[in-house]
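Enquirer: Okay, handing you the structure first.
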């Protein structure tokens, strides 16, 4: 078990693309850490560089205070679970799980015993003689996990561990994986493009874009106070409303309507500042009667989300989305008032997209 | 169905039948003549006997030439399988500029230039290397001719193995040779079987190269020995030729059946569990 530290890590491909562009990050011992970002943001490259499958162009990687930057993958004492699980099709489940031990020169009897024990712990006991192709998706995933666990590595690396499972199984596997990580207590880094997955499983997470980290924090911090408009847009099941506004007379002018300045920002912005007003759709309350300090607009679409409804409202030149309880579902074309929960409002600077903060 | 279509279809089937007969007749001759009392160029059975086999099995050249054939074909198959497996793995995984062009050029050259056109230079080369009349030199020359196509076939199999298998093994600390032995070779075994049988068959039926490069009768393979079955008058000895031909083709057919049963013939890669 060990912490992981990345110092100014960069990976540049021969064609000049900097997939990882100067990353400083410390992952604590035993932490379940998520690397989240859209496809092409460099998260998988970062994971592969950690594993040693890619060679870092600049910077250093420390695992448990030991510099492993120049070490080959096999010497780093890490175990990786691939997106496609990479179970060897010509070996049985038992042989697959025992394979890393075979490489380490563990005697046949001992490695079979250890592999069987690990498999038992993941309820694969009755499937040891099967080939990977004879397993379901969830079983394949557990076999791949068992193979990683059986070597007792210092760090686990998971590349999109849930993306090959169907939606229902994914929820189950999410809970299973989180529980497993907690009970093993092994430092784990996992890559995902699914923000819900990262929020649900990780102790801490990093949101990446174009090879850089845009925010690091606990899921709660990242969800409640996205550090910039990129993260604000990326995190959340329905994207956050990001509305252009200008500060005027201690209020926010949206071109067509105004909203009061949230108390927390009164001292932080001045008249004439261009800002982006961020508020999650869940934090708008919808009313069909006129209200003060609310956005007045016309309902253009209504999307059913199950227990709630996503309402899109045109107000002046802006489009505002709100998620409201199913009981409050407005009819199309109706005039409605959306009242923001002002303690949830976030203001970003219009020029660089960063959160306005003290 | 209009009469026009009907006539057209009848015409097609008659054509197909004629073509089938054309190709089936030699095979019929091959199967019937060895059992005939009076073998000739006609595919008839006038009186069944096994005398021809008896005479053939007492011919000292039979067993020796078959042994030589097995040596040449087996040796070539082994050389081709091993080298092609290594080469196709390297060519599949290492990025070299112009890799595909190189492969196509080799394939093209090997199928056009080797054989008759390259015979004189090959002969001269072996002469200078003092390798004439040596069976292993024939194995090398034959392997050289078959390798490009073998590499081409096997590379397809290696290409179909996801890289994540190898990367996974690398993270667990496997060395390149372990990855090759534990993962890549077992996964391309059907391809290696196909290439192996294909090489065997190619060499088994090759007449020209051993005929030119081996001068000692005792070293000649069956394909060349068959050419010598003429009686003193210069007439072809149908009894020996036909019987020998049948005995000579049996191993190849058997081999084909065995490999087809075990692996199934595949000319393209594909991972099946």
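What follows is calculated from the coordinates using simple rules that are stated; it is not laboratory data. From a predicted model like this one, the values you see are computed outputs, not experimental measurements. Ideal geometry is used to build each Cβ from the backbone, glycine not excepted, and the neighbour counts take in all protein chains shown.
Enquirer: Dividing the Cα convex hull volume of the protein assembly as shown by residue count, how many Å³ per residue is that?
Expert: Expressed per residue, the convex hull around the Cα atoms of the protein assembly as shown is 288 Å³.
Enquirer: Please work out, to two decimal places, the log10 of the ratio I(q)/I(0) at q = 0.19, 0.23 Å⁻¹ from a Debye calculation in which every Cα of the stretch A:1-83 carries one identical scatterer.
Expert: For the stretch A:1-83, the Cα-only Debye profile gives -0.83, -1.24.
Enquirer: Which whole number gives the average count of other chain Cβ atoms within 10 Å of the Cβ atoms across peptide A:264-273?
Expert: Average per residue, whole number: 0.
Enquirer: Further question: In percent, how large is the relative contact order of the stretch A:273-358, given Cα pairs closer than 8 Å and 6 or more residues apart?
Expert: 40
Enquirer: One quarter of the convex hull surface, Cα atoms only: what value does that give for the stretch A:141-222 in nm²?
Expert: 5.8
Enquirer: So what is the relative contact order of the stretch B:54-183, in percent, for Cα pairs below 8 Å that sit 6 or more residues apart?
Expert: Dividing the mean separation by the residue count of the stretch B:54-183 yields 38 percent.
Enquirer: How big is Rg to Rh over the stretch B:144-220, alpha-carbon atoms, Rh as the Kirkwood inverse-mean-distance radius?
Expert: Taking Rh as the inverse mean 1/r over Cα pairs, Rg/Rh reads 1.19.
Enquirer: While we're here: Grab the eigenvalues of the alpha-carbon gyration tensor for the stretch A:270-355, scale each by 5, take roots, and send me the semi-axes largest first in whole angstrom.
Expert: 25, 14, 12
Enquirer: How long are the semi-axes of the equivalent ellipsoid of chain A, taking √(5λ) for every eigenvalue λ of the Cα gyration tensor, in whole Å from largest down?
Expert: Whole-Å semi-axes of the equivalent ellipsoid: 47, 25, 15.
Enquirer: When B:211, A:82, A:158 are ordered from fewest to most other Cβ atoms inside 10 Å of their Cβ, what list results?
Expert: B:211, A:82, A:158
Enquirer: Could you quote the convex hull projected area for the stretch B:138-273, Cα atoms only and averaged over all directions, in nm²?
Expert: It is 10.7 nm².
Enquirer: Go through B:14-23, B:102-111 and give me the packing order, highest mean Cβ count within 10 Å leading.
Expert: Most protected by this proxy first, the peptides run B:102-111, B:14-23.
Enquirer: In Å and from the alpha-carbon atoms only, list the Rg and Dmax of the stretch B:45-126.
Expert: 21.1, 66
Enquirer: A further question follows. Other chains' Cβ within 10 Å of A:80-87 residues: what's the mean?
Expert: 5
Enquirer: Just rank A:208, A:91, fewest to most, by other beta-carbon atoms within 10 angstrom.
Expert: Lowest to highest Cβ neighbour count: A:91, A:208.
Enquirer: Count, for each residue of A:149-155, the Cβ atoms from other chains sitting within 10 Å of its Cβ, then give me the mean as a whole number.
Expert: For peptide A:149-155, the averaged partner shielding equals 1.
Enquirer: Further, regarding this structure: Expressed in whole Å with the largest first, what are the equivalent ellipsoid semi-axes of the stretch A:45-163 derived from the C-alpha gyration tensor as the square root of 5 times each eigenvalue?
Expert: Calculated on Cα positions only, the semi-axes equal 27, 16, 11 Å.
Enquirer: Counting only the backbone N, which residues of the stretch B:46-61 are under 19 Å from the spot 7 Å out from the Cα of residue B:25 toward its beta-carbon?
Expert: B:46
Enquirer: Reported to two decimal places, what Rg/Rh ratio describes chain B when computed on Cα atoms with Rh from the Kirkwood expression?
Expert: Result for chain B is an Rg/Rh of 1.07.
Enquirer: What relative contact order, as a whole-number percentage, does chain B give when Cα pairs under 8 Å and 6 or more residues apart are counted?
Expert: The normalised contact order for chain B reaches 29 percent.
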